[in-house]
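The values are calculated or read from the model by the stated rules, or taken from the named source; none is laboratory data. Values in this document were obtained by computation on a predicted structure and should not be read as measured data. Heads up, the Cβs are rebuilt from the backbone with ideal geometry, glycines too, and the neighbour counts pull from every protein chain shown.
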Amino acid sequence: MFNPSMIFQVKNMWDRFQKNHPKFPRFLQVVGNECMQAGTVIEISVTKANGENITSNIKLNEEDMELIAAMKDLSRQV
């Protein structure tokens, strides 16, 4: 069952995240506005506290773009 108060909890957490990491949301905004198209490769690299690095990537396709558009629409409604 959907809990509407959860939206507000997540919003508060996101606000704190933005305060703690102010450059990252701007990065996501630029990437979302300028880079997201079919054929774009997204690569994520994570360095664990012990120094171990884990990397993965995906190449966006048309179906991915539909999901991204739906997520953008949803975020505008919140």
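Structure above, values below:
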item	result
Selection count where residues are within 23 Å of N61 (Cβ to Cβ), among the polar types (S, T, N, Q) and modelled with pLDDT under 90, scope the range 1-39	2
D73 being charged (D, E, K, R) and surrounded by fewer than 10 Cβ atoms within 10 Å (Cβ to Cβ)	yes
Check on V10, within 20 Å of Q77 (Cα to Cα) and either hydroxyl-bearing (S, T, Y) or not in a loop (DSSP other than H, G, I, E, B) (or both)	yes
Selection within the range 13-55 - of a type in the set (V, I, T) and either without any contact (Cβ under 8 Å) to a residue 12 or more places away in the chain or surrounded by 10 or more Cβ atoms within 10 Å (Cβ to Cβ) (or both)	V30, V31, T40, I42, V46, T47, I54
